[in-house]
Amino acid sequence: QVQLQESGGGLVQPGGSLRVSCEVRGMNFRYNTVGWYRQAPGKERESVANITSSGATTYSESVKDRFAISRDNVYRTLSLQMNNLTPEETAVYYCGTYYRGVQFWGRGTQVTVSS
């Protein structure tokens with residue numbers, strides 16, 4: 001059973017930085033693409049960034065140059081460094097992966113950007 005557990009969310013001021021992490025269990029992490037997603041109140045879940053098994057990264061246009069996704073295959077963790085956050089980026093942030101035909105999600109971690 002694939003399990004994903006996010007951590008590191010919280011309250012941050014506009015323009016601030018935050019790092020969220022995700023531990024992945026139950027699959028061979030190093031061979032799979034994993035990603036970060038977010039869902040703001042009243043909006044659909046959207047892709048933020050993902051990283052392939054070879055380390056290639058893609059970002060949504062809105063976070064490009066401010067966010068950085070990384071992975072540690074030894075500790076099976078995925079991280080997202082977020083800089084220069086805006087209030088509009090207040091959302092629940094989820095890590096996710098598509099594995100053997102099934103989309104798996106963590107429970108999410110709340111990120112609130114507010115003064």
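The values are calculated or read from the model by the stated rules, or taken from the named source; none is laboratory data. Remember, it's a predicted structure, so these values are computed and weren't measured experimentally. All Cβ positions, even for glycine, are placed from backbone atoms using ideal geometry, and neighbour counts span all protein chains on display. These accessible areas exclude ligands, DNA and RNA; they are computed on the full protein's heavy atoms, side chains included. Shrake-Rupley method; radii C 1.70, N 1.55, O 1.52, S 1.80 Å.
Only strands (runs of 3 or more DSSP E) wholly contained in region 1-64 count here; list those with 1 or more residues that are hydroxyl-bearing (Ser, Thr, Tyr) and touching a Lys or Arg at 6+ places or on another chain (Cβ under 8 Å).
Strands (runs of 3 or more DSSP E) meeting the threshold: 34-39.
Cβ-Cβ distances below 7 Å connect the following pairs, each with a first residue in region 76-98 that is at negative phi, a second residue that is β-branched (Val, Ile, Thr) and open to solvent by 50 Å² or more (accessible area, probe 1.4 Å), and a separation of six or more residues or different chains: 97/33.
Tallying residues that are of a type in the set (A, V, I, L, M), surrounded by 18 or more Cβ atoms within 10 Å (Cβ to Cβ) and either farther than 12 Å from residue 36 by Cβ or at pLDDT below 95 (or both) within region 54-97 yields 1.
Specify which of the listed residues (29, 67) is in contact (Cβ under 8 Å) with a residue 12 or more places away in the chain and over 16 Å from residue 111 (Cα atoms). Break it down stepwise before answering.
Working: 67 fails: over 16 Å from residue 111 (Cα atoms).
After ruling out the rest, the residue left standing is 29.
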